[in-house]
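Undergrad: First, the structure itself, so that you have it in front of you.
The values are calculated or read from the model by the stated rules, or taken from the named source; none is laboratory data. From a predicted model like this one, the values you see are computed outputs, not experimental measurements. A quick note on method: Cβ atoms are made from the backbone with ideal geometry, for glycine too, and the neighbour counts reach across all protein chains shown. Quick note on the areas: whole protein, heavy atoms, side chains included, nothing else; ligands and nucleic acids left out. Shrake-Rupley method; radii C 1.70, N 1.55, O 1.52, S 1.80 Å.
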Amino acid sequence: MPLVIAIDGPAASGKGTLAKRLADHYGLPHLDTGLLYRAVAMALLDAGLSLEDAAAAAQAAQALDAGKLDDPRLRDRAMGEAASRVSSVPEVRAGLLTWQRRFAADPQGAVLDGRDIGTVVCPGASVKLFITASSEERARRRHRELVGRGESATFATILADIEARDARDASRSAAPLRMADDAIRLDTTELDADAAFAEARGIVEQSRGDAD
Ligand code: C5P
């Protein structure tokens with residue numbers, strides 16, 4: 001059975017770093033699904049279209065160019081906000097779902113991280129992790145990351161952003177951020193990246209052992 005690891009959690013919970021490390025460790029392809037939503041938002045903004053234009057957003061999702069997911073602008077703070085807006089459009093989610101499922105069906109297995117991987121994209125994943133951390137700790141991490149990339153933003157602005165994004169992601173009607181019933185919660189508030197990786201690897205090993 002291919003190993004499919006589904007990782008969900010709120011903004012800046014550390015799920016991206018963890019997903020990358022697990023993917024490297026197990027030699028699996030990794031998809032940061034937030035980038036897909038960011039790319040849809042960027043396509044609209046670049047075309048001068050409104051983020052509220054649901055038809056244009058759905059079209060941008062259909063036309064998504066996977067070759068452009070390494071554009072550094074996708075990581076900007078504003079793009080995260082914009083992504084959170086377009087991600088509530090059901091047609092956008094449907095368009096990106098096919099794409100994500102194809103990725104997850106790789107015969108080798110895969111690691112995907114996002115908000116609805118364990119609940120919607122890969123409900124049959126071998127292991128599901130739900131990564132959390134306090135909003136203050138997540139804001140601290142995101143602040144450090146953005147300042148490191150040369151973006152100027154205050155801690156208070158980032159904390160407010162994170163709390164607004166959590167509320168929007170959790171309350172939308174299409175695939176809201178929710179922990180799958182069979183996911184394992186990992187709170188990384190007190191864990192650094194190495195400790196989070198060690199815990200997560202233990203969980204993956206345990207589920208693989210249980211599956212044998
Ligand atoms: O994880 P990241 O910050 O890149 O995600 C940006 C936004 O994309 C999230 O706030 C969320 O609204 C949306 N998203 C989603 N479903 C996913 C991944 C991201 O709705 N699987």
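Undergrad: Taking the dipole about the Cα centre of the range 3-207, with the C-beta of Lys and Arg at +1 and of Asp and Glu at -1, give me whichever of Leu97, Ala170, Cys122 is farthest to the positive side.
TA: Leu97
Undergrad: For the range 3-207, what does the equivalent ellipsoid look like in terms of its semi-axes, each the square root of 5 times an eigenvalue of the Cα gyration tensor, given largest first in whole Å? Let's see the in-between values first.
TA: On the way: eigenvalues 123, 91, 46 Å².
Over the Cα atoms of the range 3-207, the semi-axes work out to 25, 21, 15 Å.
Undergrad: Now, a different point. Order of 144-154, 191-201 by packing, highest average Cβ count within 10 Å first?
TA: Packing proxy ranking, top to bottom: 191-201, 144-154.
Undergrad: Taking the alpha-carbon distance from Lys68 and a cut-off under 14 Å, which aspartates and glutamates remain once sequence neighbours fewer than 8 residues away in the same chain are dropped?
TA: Of all the aspartates and glutamates, those that pass the test against Lys68 - Cα under 14 Å, at least 8 places apart if same chain - are Asp32, Asp46.
Undergrad: Under a 10 Å cutoff between Cα atoms, tell me which one of Glu81, Glu190, Glu163 has the largest fluctuation in the Gaussian network model of the chain.
TA: Glu190
Undergrad: Per residue, how much accessible surface does the chain expose to a 1.4 Å probe? Answer in Å², no decimals.
TA: 48
Undergrad: So, one more: Cut-off 10 angstrom, C-alpha nodes, Gaussian network model of the chain. Which of Thr157, Thr17, Thr189 fluctuates the most?
TA: Most flexible of the set in this elastic network: Thr157.
Undergrad: What is the range 88-212 by shape, rounded, prolate or oblate, if you read a ≥ b ≥ c off the alpha carbon gyration tensor as root eigenvalues and call it rounded for a/c under 1.5, prolate for a/b larger than b/c, and oblate otherwise?
TA: Here the range 88-212 falls in the oblate category.
Undergrad: How large is ³J(HN,Hα), in whole Hz, for each residue of the range 116-125 in order, when computed from phi with the Karplus curve 6.51 cos²θ - 1.76 cosθ + 1.60 and θ = phi - 60°, using x for Gly and Pro?
TA: Per residue, the Karplus-derived 3J(HN,Hα) values read 10, 5, x, 8, 10, 6, 10, x, x, 3 Hz.
Undergrad: If I compute solvent accessible area with a 1.4 Å probe over the protein chains, what percent of it on the chain is carbon and sulfur?
TA: Result for the chain: 52 percent of the exposed heavy-atom area is carbon or sulfur.
Undergrad: Related question: Using R₀ = 35 Å, calculate the FRET efficiency as 1/(1 + (r/R₀)^6) where r is the Cβ-Cβ separation of Leu45 and Ala193; round to 0.05. Write down the numbers at each step before the final one.
TA: Values: r = 31 Å, r/R0 = 0.89.
Between Leu45 and Ala193 the formula returns 0.65.
Undergrad: In percent, what relative contact order does the range 3-207 have, based on Cα pairs under 8 Å that are 6 or more apart in sequence?
TA: Here the relative contact order equals 34 percent.
Undergrad: Connecting C-alpha atoms closer than 10 Å in a GNM of the chain, tell me which of Asp113, Asp169, Asp24 has the biggest fluctuation.
TA: Comparing Asp113, Asp169, Asp24 in a Gaussian network model of the chain, the most mobile one is Asp24.
Undergrad: Okay, moving on. Lys128: which lysines have alpha carbons under 18 Å from its alpha carbon, excluding same-chain residues fewer than 8 sequence positions away?
TA: Of all the lysines, those that pass the test against Lys128 - Cα under 18 Å, at least 8 places apart if same chain - are Lys15, Lys20.
Undergrad: Give me the distance in nm between label points sitting 7 Å out from Cα along the Cα-to-Cβ direction at Thr98 and Glu52, one decimal.
TA: Calculated label separation equals 2.9 nm.
Undergrad: I've got another one for you. With each label point set 7 Å from Cα along the Cα-Cβ vector, what nm distance links Thr157 and Asp71?
TA: The two pseudo-label positions are separated by 2.2 nm.
Undergrad: For the range 49-140, report the translational diffusion coefficient in µm²/s to the nearest whole number, using Stokes-Einstein at 10 °C, 1.306 mPa s, and a Kirkwood Rh over Cα pairs.
TA: Rounded to a whole number, D works out at 105 µm²/s.
Undergrad: Which residue, chosen from Met42, Gln206, Ala156, occupies the Cα position most advanced towards the positive end of the dipole of the chain, where the dipole is computed from +1 (Lys, Arg) and -1 (Asp, Glu) charges on Cβ about the Cα centre?
TA: It is Met42, whose Cα lies furthest towards the positive end.
Undergrad: With contacts defined as alpha carbon pairs under 8 Å and 6 or more residues apart, what's the relative contact order of the range 1-87 in percent? Please report the intermediate quantities before stating the final value.
TA: On the way: 61 pairs, mean separation 26.7, N = 87.
Computed over the range 1-87, the figure is 31 percent.
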